[in-house]
1. If I filter region 305-319 for residues that are more than 16 Å from ligand 1 (Cβ to nearest atom), at pLDDT 85 or above and surrounded by fewer than 23 Cβ atoms within 10 Å (Cβ to Cβ), do I get at least one hit?
2. Anything in region 363-419 that is surrounded by 13 or more Cβ atoms within 10 Å (Cβ to Cβ), farther than 30 Å from Glu256 by Cα and in contact (Cβ under 8 Å) with a residue 40 or more places away in the chain? List them, or say none.
3. Count, please, the residues in region 143-167 that happen to be more than 14 Å from ligand 1 (Cβ to nearest atom), part of a helix (DSSP H, G or I) and either within 12 Å of Thr18 (Cα to Cα) or in contact with an Asp or Glu (Cβ under 7 Å, 6 or more places away or on another chain) (or both).
4. Run Gln335 past the list (1) within 16 Å of ligand 2 (Cβ to nearest atom); (2) out of contact with any Gly (no Cβ under 8 Å at 6 or more places or on another chain); (3) open to solvent by less than 60 Å² (accessible area, probe 1.4 Å); (4) at pLDDT 90 or above and report the number of the one that doesn't hold.
5. Applying the selection to region 284-302, what residues are part of a loop (DSSP other than H, G, I, E, B) and open to solvent by 50 Å² or more (accessible area, probe 1.4 Å)?
6. Of everything in region 149-181, what is touching a helix residue (DSSP H, G or I) at 6+ places or on another chain (Cβ under 6 Å) and modelled with pLDDT of 90 or more? Give them in sequence order.
7. Among residues belonging to region 262-281 that are more than 16 Å from ligand 2 (Cβ to nearest atom) and not charged (D, E, K, R), point out the one that is surrounded by the most Cβ atoms within 10 Å (Cβ to Cβ).
8. Among the residues of region 338-352, write down those that are loosely packed, with under 15 Cβ neighbours inside 10 Å and either of a type in the set (Lys, Arg) or touching a Cys at 6+ places or on another chain (Cβ under 7 Å) (or both).
Amino acid sequence: MSRRTIALVGRPNVGKSTLFNRFVGGRAAIVDERPGVTRDRHFGKAEWGGESFWVVDTGGLVPQGADAMTRAIHEQVDFAIDAADLVLLVVDVLTGLHPDEHEIARELRRAGKPVLLVANKADDVPRTSAHHEFHALGIGDPLPVSATTGRASGDLLDAVVGALPAAEEELPRDAVQVALVGRPNVGKSSIMNRLLGVPRSVVDPEPGTTRDAVDSPLRYHGHTLNFIDTAGLRKRARVDDAVEFYSTLRTNRAIEAADVCVLVVDAASGLATQDLRIAEAAWGHGAGLIIAVNKWDLVEEKDANTAARGERQLRDKAAFLAHVPFIYVSAVTGQRVRRLPPAILEVAERRTARIATAEVNRVLERLVAKHQPPQAVGREVRLLYGSQIATTPPTFAVVCSRPEAIPEAYTRYVVNGFRAAWPLHGVPVRLKLRARRRKSA
Ligand code: GDP
Ligand code: GDP
C-alpha cells in the first residue's frame, strides 16, 4: 500500500463527500468524530488502475458568517497542503465561480502544491461547457465530472493517478521500513532529531516538492533504517483541531508501510487507550513492535524497580504486550535513544526468521506431548505436523485431524511454545490450523 495521499478541498456543498464516497467505494472510511466538527472529516483508501492512494475529505467546520467561512477554508487548505501529495479543488458548475475559490486557488499556487481542478455537478458531461468559466482560477483545465452519476469519474481518476508522484522510492532493497508512531506530543519528533541529528531533520523539503511524506534513512552498521513519513512528525497541522485527526491518518499510513513500528508513549501518562489501539493496529498488521517509553527523565525515584513495576502495569493492558520489548528513553537527555537502532534491526531480522520444518516438528511434538489438545466427544483431535509457510511475520501451518475442534486457548499455547523455542521477541507470530487433505480413493 502506497502512502500517497490526495485531499479534497472546496466550499461546502460542492460535492466533496459525494466524490469521496465514489473514490473510496465500499471501503471503510475513518471518521473524525470529535464534537465541534459539524462536518465529519474522513479518510480512506482508493484504488484505480492498479495504483493505490489515500483520500482525505477535509470536511471540517461548517462556518457561520463570512469571517468564519474564510477561516474554515484556510484551515482546510492548510491541512491539505500539509498532508497531501495532490489537492483536488472541487467546484460546483451549477452555482458557478465563487470569490472564495479565487482565494483557495491563490493559496494553493503559493504553496506550489500540485492541484487538479474538479468541476463537479457537470451531470450532462460531455455535452456541457459550464466548467469553462473556472479556467479563470489559473490552476489549469477544469475537469468536468458528476459525482452523483459517476459520469467522467474514471477520467478524473486517470488524471489523479497521472498527477500523483511515483509510488516507488529509491532505497536499498533490504532497507528496513520503520514507523515512529504515537499520540501527539509524546516526543516522536524529539526522538527523531536525536537519531538523525537536528540539522538534517529540521530542514524542510525543497519548496514546491510534491512529497510531504518525507522519509529519513539512517545508516546503521551497514543497514538502512528508513524512517517513514518523518515530515508528518515536524510539519504539524497548523490547526489545533486537526492535530489528532492528522496524527491518526499519518499513523495508519505509516503502519501499513512499516516492517517495524516504534510506538512512543509518554512515561508520565502510561499506556493510554489510544496507545494501545496503535499497538494493536501494528501487531495486527504483522509489523514488528517496540515500545519506547519516553520522557523517562521526568520520572522520579528511579530505583531499579520503577521500570519493572511500570512495565508490568503496561503489559497487563493486553496479553500480546508480553512479547514486545520496552525501551526507556529520554529524547531530552539522550538517555538510551541509541539503543533504538540496534533493537529495531534485531526485531526486523527476527521478523524474517525461517525455521526449518524438522525443527518446527520437533518443537510441536514436544508441546503436544506435554499438553494434548482437549479431546471432544467423537473423533480424536490430533496435531499431525507443521511447517513455516511465510515470513514477515513468521507464519506457521499445523495440519490437524479436526482444526475446528481446537480451542483458541490451545492455539495460543502452541504459539507461545514456538515463541519460547525461537527468538521472536517483538514479532507477531501467526498460526493456521489446517485440515488433513483426504486422499481421493
Ligand atoms: P460537500 O459539502 O462538498 O461534501 O458536498 P456533498 O457531497 O455533501 O454534496 C452536496 C449536495 O450536492 C448533495 O445534495 C449532493 O447530492 C449534491 N451533489 C453532489 N455531487 C453532485 C453531482 O455531481 N451532481 C448533482 N446534481 N448534485 C451533486
Ligand atoms: P511529537 O508530537 O510526538 O513529535 O512530540 P515532540 O517531539 O514535539 O515533543 C513534545 C514536547 O515534549 C516538546 O515540548 C518536547 O520538548 C517534550 N519532550 C520530548 N521528549 C522529551 C523527553 O524525553 N523529556 C522531556 N522532559 N520532555 C520531552
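The values are calculated or read from the model by the stated rules, or taken from the named source; none is laboratory data. Just so it is clear, the model here is predicted, and its values are computed rather than measured. Note that each Cβ is placed from the backbone with ideal geometry, even for glycine, and that neighbours are counted across all protein chains shown. Heads up: the accessible areas ignore ligands, DNA and RNA and are worked out on the full protein's heavy atoms, side chains in. Shrake-Rupley method; radii C 1.70, N 1.55, O 1.52, S 1.80 Å.
1. Yes, some residue in region 305-319 is more than 16 Å from ligand 1 (Cβ to nearest atom), at pLDDT 85 or above and surrounded by fewer than 23 Cβ atoms within 10 Å (Cβ to Cβ).
2. Once the filter is applied, which keeps residues that are surrounded by 13 or more Cβ atoms within 10 Å (Cβ to Cβ), farther than 30 Å from Glu256 by Cα and in contact (Cβ under 8 Å) with a residue 40 or more places away in the chain, region 363-419 yields Val363, Leu364, Leu367, Leu384.
3. Qualifying residue count, region 143-167: 1.
4. If we test Gln335 against (1) within 16 Å of ligand 2 (Cβ to nearest atom); (2) out of contact with any Gly (no Cβ under 8 Å at 6 or more places or on another chain); (3) open to solvent by less than 60 Å² (accessible area, probe 1.4 Å); (4) at pLDDT 90 or above, just (3) comes out false.
5. Lys295, Glu300, Glu301, Lys302
6. Selection gives Val176, Gln177, Val178, Ala179, Leu180, Val181.
7. So, considering only residues that are more than 16 Å from ligand 2 (Cβ to nearest atom) and not charged (D, E, K, R), the one surrounded by the most Cβ atoms within 10 Å (Cβ to Cβ) is Ala281.
8. Arg338
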